[in-house]
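Novice: Can you read through this structure? Questions will come right after.
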Amino acid sequence: MPNATFYFDLGSPYAYLAAERLHTLVAEPIEWQPVLLGGLFRHTGRSSWSLGEEERRRAGMAEVERRAHSYGLPPMRWPDPWPSDYLTAMRAVTFAFTVERGREFALQAFRDAFQRGLDLSVVAHVLEVGERAGLDRRELETATQDPQIKQALRQATDAAHGLGVIGVPTVAIDRELFWGDDRLAGAGAYLNAVA
């Protein structure tokens, strides 16, 4: 069976759209791998459409809202501000995977951010997400400062870049990459063909 990996960053609304639909389009088992989108941008010299000129930003947000509606997801509620610094949230989800609550944390974080408009740059909000995902608040807060968790997230980001991942969401099936929430069906079809 080929290895399938879903690369995501909690600050990406497109990764949210992919996370909500992944289980219906790509067969298990699929590994969920948090990576820092900012780290990928540093590697590639790229930047986010959300940080560009206002018209492009508005158009991008409208497209995300259109896709969410077309996928039957709840209306988007954008965090204010968005985007912001998701480093603590990304460390928290990295830790959550070490205690087998990663998917629960990731889905809760995505929904809290893009369905409730919760700003995940606020540490208290990240800890609330963790509690709703079944994690101990104090243990999670300590883990976000753990050098091993910090290093694991950096290494995962560097390894993803080494594989050719330049953005999120990306699904990798062995070394074949499918970048974008609109590529999930193609990833699922490819996986079925090579399985």
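Novice: At 7 Å along the Cα-to-beta-carbon direction for both Ala59 and Arg116, put a label point, then send me their distance in nm to one decimal.
Specialist: The two pseudo-label positions are separated by 3.4 nm.
Novice: Let me ask something else. Kindly list the residues of region 98-120 that lie in the label zone of Asn3, defined by a backbone N under 20 Å from the point 7 Å along the Cα-to-C-beta vector.
Specialist: Those under the cut-off are 98-100, 102-103.
Novice: Report the paramagnetic label zone for Ser84: residues of region 112-133 whose backbone N is under 16 Å from a point 7 Å from Cα along the Cα-to-Cβ axis.
Specialist: Under cut-off, by backbone N: 112-130.
Novice: In whole Hz, with x marking every Gly and Pro, tabulate ³J(HN,Hα) for region 121-133 from phi via Karplus 6.51 cos²θ - 1.76 cosθ + 1.60, θ = phi - 60°.
Specialist: Per residue, the Karplus-derived 3J(HN,Hα) values read 7, 8, 4, 4, 5, 4, 5, 4, 4, x, 4, 5, 8 Hz.
Novice: Mind pulling the per residue volume of the convex hull built on the Cα atoms of region 80-177? Å³ is fine.
Specialist: Numbers: hull volume 10.1 nm³, N = 98.
It comes to 103 Å³ per residue, whole-number rounded.
Novice: For the chain, modelled as a Gaussian network with Cα springs under 10 Å, which listed residue fluctuates most, Leu120, Leu177, Leu73?
Specialist: Result: Leu73 has the largest fluctuation of those listed.
Novice: On average, how much area does the Cα convex hull of region 4-194 cover when viewed from any direction, in nm²?
Specialist: The directionally averaged projection comes out at 10.1 nm².
Novice: Cut-off 10 angstrom, C-alpha nodes, Gaussian network model of the chain. Which of Met76, Met90, Met61 fluctuates the most?
Specialist: The residue with the greatest mean-square fluctuation here is Met61.
Novice: Amide H to amide H, which residues 5 or more places from Thr144 or on other chains are under 5 Å from it, using H placed in the peptide plane?
Specialist: Close amide H contacts, sequence-distant or interchain: none at all.
Novice: Could I ask something else about it? If you restrict to DSSP beta bridges whose two residues both lie in the chain, what percentage is antiparallel, to the nearest 5? Could the numbers behind the result be given before it?
Specialist: Working: 8 of 12 bridges.
Once the DSSP bridges in the chain are tallied, antiparallel ones form about 65 percent.
Novice: Return the single residue from Gln145, Gln33, Gln115 with maximal mean-square fluctuation; model: Gaussian network over the chain, springs between Cα atoms under 10 Å.
Specialist: Highest fluctuation of the listed residues: Gln145.
Bear in mind that the values in this text are calculations on the coordinates, not laboratory data. The shown structure was predicted, so the numbers you read here are calculated from the model rather than taken from an experiment. Please note: Cβ atoms are built from the backbone with ideal geometry, for glycine as well, and neighbour counts cover all protein chains shown.
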